[in-house]
Amino acid sequence: WKFHNAAAALYGLQRCGDTEVSRALLGALAPQFARIAEPINNQGISMVFSGLQSFREGPEVSAMLAALRPNVEGCIEEISGQTISIALHGLQRCGGSPEARSLLPFFANATAACKKPFSVRQLAGAFYGLRVCGDAPETRAVVGALAAKLEECREPLNGQAVANILYGLQNLTDSPEVKAVLRAILPHISACKQPFKTYQAAMALQGLRGCTEASSEALAVLAALTAKVAACQETFAPNQLYMAFSGLRHLGPGSEVRDLISSLRPHLELAATQANPARLRHVLKALEVVGGPEAEVCVEVLRRRLAAMAAPEAPALGVAEVAATASLPAGWSVHRHEGRIYYFHEVLGSQWTRPQDVAPQTASSGSAPSAVRPSAERGGKEALRGAGEAAAVAQEAEGLPAGWSVHRRDDQVYYSHDIHGSQWSMPGASLPDGWAVHVGPCGRTYYHHEQHGSRWEMP
């Protein structure tokens, strides 16, 4: 085969995915490359590594990389930044194999020898491709050469470029090369004016997971990223929280770590109410190794939520209990609490005893009637007195706002509404200056004044 024919065939696999069929094709192509002796150029290198970007490590990939090495090292042109970026990006899933690492010195030397500056896009692609290459001398050599190109870069980096560059460092520990990258990228993070997407912030933070608290460069980058997290306009998903927290595992309990956890805590509390247990346990696993008081608070939030999600549901009502609901007075329903039956009404509240046609319980003069709660001591309500009182009540009902009705208990009149509940004060009556009427979250009417505060009684 001619090299350009074999390269075109391999290039065609870039969107086929890592499937059994595509691996079989890759295995069949490897011997063709091994027999090619003609020199290649930048375009040929770009095409073959583009075709590898979907493949993880395996015998077919190793055979292909071994076959490509003589061709790549025999390139007749000066290797461009674009070619280096595409080639390293093509190793993003298979870069941990010995065959892939054997190619890295060539690209480290080519990067150092490249006379033109790298663009932001080229830097982002090259760093991202190193994410599985591991903490090997060959990888660090490439990182060191790319750090120099990042230092030379005068283009502004956006959130995605920052994310890709740092994400590529995730399997590297503290080293002079990694520290050089962190020093070079720090001013770009601070100068980035566009808000980061949550996934960009998460990727960038995960890239720090091999760094330790001994690295002042890593802590400075962490502080810069914390400002970006605080400015995020989206909510972090559980998998993004896991990525973010996993980047903190070796950075210690210092102020930079505490500040980031504080910025992420509102996102964590929201995720705890929405995510499934498996995702929450994933986040909890990352948080447990961080340490520090802020992390411990978040761990406790997740543990309580997981415990609540694991609690058994209340037993369903039996057939007889469901049937009993049909014979209750209008508006009442039957429920179970800790094995006991109780009855509930939207206006009158809850009680243990079976309800009759009753009025709200007596409240002391001048105070609003309180809702009825389940209590073994509570009995039924007293019935309204006689037809004469009913006539008087009907007369007092004139002029009430829509939806309100008037009732009498003993010698006191109270007012009831299906939504707002019961109250002693007449609804719709004129209020003194500065007072306003409101309905609280519990459904009860109350009155508020900016200077005098809030009260149940009508002023």
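Assigned to a helix (DSSP H, G or I) and either touching a Lys or Arg at 6+ places or on another chain (Cβ under 8 Å) or farther than 30 Å from VAL162 by Cβ (or both): is that true of ARG23 in this structure? Don't jump to the end; show me each part of the working.
On the way: assigned to a helix (DSSP H, G or I): yes; either touching a Lys or Arg at 6+ places or on another chain (Cβ under 8 Å) or farther than 30 Å from VAL162 by Cβ (or both): yes.
It is true that ARG23 is assigned to a helix (DSSP H, G or I) and either touching a Lys or Arg at 6+ places or on another chain (Cβ under 8 Å) or farther than 30 Å from VAL162 by Cβ (or both).
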So which of PRO31, PRO70 is assigned to a helix (DSSP H, G or I) and free of Cβ contacts under 8 Å to residues at least 24 places away in the same chain? PRO70
Tally the residues that are closer than 18 Å to SER80 by Cβ, aliphatic (A, V, I, L, M) and open to solvent by less than 10 Å² (accessible area, probe 1.4 Å), restricting the search to segment 126-173. 4
Out of all the residues in segment 126-139, is one or more polar (S, T, N, Q), within 32 Å of the chain's Cα centre (by Cα), closer than 23 Å to GLN53 by Cα and not in a helix (DSSP H, G or I)? no
The condition from (1) within 25 Å of the chain's Cα centre (by Cα); (2) surrounded by fewer than 24 Cβ atoms within 10 Å (Cβ to Cβ) that ALA214 misses is numbered (1)
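Determine if segment 12-26 includes at least one residue that is under 18 Å from ALA100 (Cα atoms), touching a residue at least 40 places away in the same chain (Cβ under 8 Å) and surrounded by 15 or more Cβ atoms within 10 Å (Cβ to Cβ).
Here is the first cut: in segment 12-26, the residues under 18 Å from ALA100 (Cα atoms) are 14, 18, 23, 26.
Keeping just the survivors that are touching a residue at least 40 places away in the same chain (Cβ under 8 Å) gives 14, 18.
Those left that are additionally surrounded by 15 or more Cβ atoms within 10 Å (Cβ to Cβ): 14, 18.
Scanning segment 12-26, I find at least one residue that is under 18 Å from ALA100 (Cα atoms), touching a residue at least 40 places away in the same chain (Cβ under 8 Å) and surrounded by 15 or more Cβ atoms within 10 Å (Cβ to Cβ), so the answer is yes.
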Filter segment 221-241 for residues that are out of contact with any Asp or Glu (no Cβ under 8 Å at 6 or more places or on another chain) and under 21 Å from ASN171 (Cβ atoms); the one that is most open to solvent (accessible area, probe 1.4 Å) is ASN239
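The values are calculated or read from the model by the stated rules, or taken from the named source; none is laboratory data. Remember, it's a predicted structure, so these values are computed and weren't measured experimentally. Counting neighbours? That spans all protein chains shown, and the Cβs are built from the backbone with ideal geometry, glycine included. The accessibility values were calculated without ligands, DNA or RNA, using every heavy atom of the protein model including side chains. Shrake-Rupley method; radii C 1.70, N 1.55, O 1.52, S 1.80 Å.
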